[in-house]
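*Asks:* Before I ask anything, let me first share the structure, which is written out below as structure tokens.
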Amino acid sequence: MKRLIAAAAFTILLLPGIAAAHDRLTVLLDWFVNPDHAPLIVAKHAGIFDRHELLVDLIAPADPNDPPKLVAAGKAEVAISYQPQLHVQVAQGLPLRRFGTLIATPLNSLVVLRDGPVKSVGDLKGRKIGYSVGGFEDALLKTMLEQYGLKLSDVTLINVNFALSPSIFAGKVDATIGAFRNFELNQMDIAGKPGRAFYPEDYGVPLYDELILVAHKDRLGDDRLMRLLDAIEEAVAMLHNEPQKSWQAFIKESKSLDDELNRRAWTATLPRFAQAPRALDGRRYSRFADYLVKQGLIPKALPVAEYATELR
């Protein structure tokens, strides 16, 4: 990570005119670049960051668990993270605050083969379920199973890392929890093995923000954060108003992004971006904190102001 940030700084030194007129900001992504990050990538290549006098370095992590920790340690200004992760990390003592939302709806889902034997969550009894990250995904699955009088002990959990769809294709598991509905379903369809998704919010899990922006709690007065949110809001408007132009800006990031899976995911993700990224629904966050307490993932529900804010 230090090498990546140093390389970005060296690049800026080679462009003194830009560096003098713009303020640099490092944003650590939650994973490799994909349509979930469309507003950031479009803002970069459509000149939106430039209009807000920002020079933004977007860095994909080697480990998706690292970005919030690096921000907490002062190694970067902003990280893209997840609302459930935020609650847990603040409860553990990390000095983080949510100051913006990128994707305002859950993406997580329980996925099975559409033509397979599992037609409902109740059919999972005695079956194998793959997962990539324990903890929150276990809580989602537990809540969903409870609607059918089942417990986690009624299924077998298998860690398949990030090979969610491939593990179903190979018959290693009958279902996966943690699959993103805008990606895995499209990936399965392209592979000729269409899937069926069950959505946690239909089974008693409160709604939450999937992707959020977090910063160190002592750096919320940094004007660059406000300008970042203004740029993201402008980019989201462009995504809706000029989808084709936005797509062309997006694939400037890498030729590898211009494929069928990303095009499908792009369309599926578009309506999920927060059109008012700085807006905070305190009741929603408080309700979700209560849910995490009930699931035993955090010891108590903290006041919302201790982990989320709305910049003004």
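The values are calculated or read from the model by the stated rules, or taken from the named source; none is laboratory data. Everything quoted here is computed from the prediction, not taken from an experiment. Note that each Cβ is placed from the backbone with ideal geometry, even for glycine, and that neighbours are counted across all protein chains shown. Please note that ligands, DNA and RNA were not included when accessible areas were found on the heavy atoms of the full protein model with its side chains. Shrake-Rupley method; radii C 1.70, N 1.55, O 1.52, S 1.80 Å.
*Asks:* Using +1 at the Cβ of each Lys and Arg and -1 at the Cβ of each Asp and Glu in region 28-102, identify which of 34, 89, 67 lies farthest towards the dipole's positive end.
*Replies:* 89
*Asks:* What ³J(HN,Hα) values, in whole Hz, does the Karplus curve 6.51 cos²θ - 1.76 cosθ + 1.60 give for region 27-44 when θ = phi - 60°, with x put for Gly and Pro?
*Replies:* 10, 8, 6, 7, 6, 4, 4, 7, x, 4, 9, 3, x, 5, 5, 5, 4, 5
*Asks:* Given axes a ≥ b ≥ c from the Cα gyration tensor, I'd like to know whether region 231-289 is rounded (a/c under 1.5), prolate (a/b larger than b/c) or oblate.
*Replies:* prolate
*Asks:* Quick query: amide H of residue 158 versus all other amide H atoms, modeled in the peptide plane; which residues come in under 5 Å with a sequence gap of 5 or more or a different chain?
*Replies:* Those qualifying (amide H under 5 Å, at least 5 residues apart or on another chain) are 129, 130, 131.
*Asks:* Shifting gears a bit: What percentage of all Cα-Cα pairs in region 178-312 are separated by more than 17 Å?
*Replies:* Of all Cα-Cα distances in region 178-312, 71 percent exceed 17 Å.
*Asks:* Ok, one more. Can you show me the helix-derived [θ] at 222 nm for the chain, built from DSSP H runs with n ≥ 4 at -39,500 (n - 2.57) apiece and divided by the number of residues, rounded to the nearest 500.
*Replies:* -11000 deg cm²/dmol
*Asks:* Work out the charge dipole of region 16-168 with +1 on the Cβ of Lys and Arg and -1 on the Cβ of Asp and Glu about the Cα centre, then indicate which of 132, 158, 117 is farthest towards its positive end.
*Replies:* 117
*Asks:* Residue-wise, which Karplus ³J(HN,Hα) couplings in Hz belong to region 149-157, taking 6.51 cos²θ - 1.76 cosθ + 1.60, θ = phi - 60°, and x for glycine or proline?
*Replies:* x, 9, 10, 4, 5, 7, 10, 10, 8
*Asks:* Above 25 Å lies some portion of the pair distances; for the chain, what is it as a whole percent of all C-alpha pairs?
*Replies:* Taking all Cα-Cα pairs of the chain, the fraction more than 25 Å apart is 51 percent.
*Asks:* Let me ask you something else. Quick one: helix 260-269 against the long Cα principal axis of the chain, what's the angle to the nearest 10°, folded into 0 to 90?
*Replies:* 90 degrees
*Asks:* What pairs in 142/217; 128/193; 119/193; 69/252; 44/245 have C-alpha atoms more than 21 Å from each other?
*Replies:* 142/217; 69/252
*Asks:* In addition: Angle between the Cα long axis of helix 282-294 and the longest principal axis of the chain, 0 to 90 degrees, nearest 10?
*Replies:* So the helix axis and the longest Cα principal axis differ by about 40 degrees.
*Asks:* Give a residue-ordered list of calculated ³J(HN,Hα) values for region 306-311 (Karplus: 6.51 cos²θ - 1.76 cosθ + 1.60, θ = phi - 60°; whole Hz; x for Gly, Pro).
*Replies:* So the J values, rounded to whole Hz, are 7, 9, 8, 8, 10, 5.
*Asks:* Using +1 on the beta carbon of Lys and Arg, -1 on that of Asp and Glu, and nothing else charged, what's the dipole of the chain about the Cα centre, debye to 20?
*Replies:* Details: 37 positive and 37 negative charges, 91 e Å.
So the magnitude is around 440 debye.
*Asks:* What does the charge add up to near residue 42, with Lys and Arg as +1, Asp and Glu as -1, over the other residues with Cβ less than 13 Å from its Cβ?
*Replies:* Taking every Cβ under 13 Å from that of residue 42, the sum is -2.
*Asks:* I've got another one for you. Which whole-number value in Å² is the accessible area per residue of the chain, probe 1.4 Å?
*Replies:* Roughly 45 Å² per residue, with all protein chains present.
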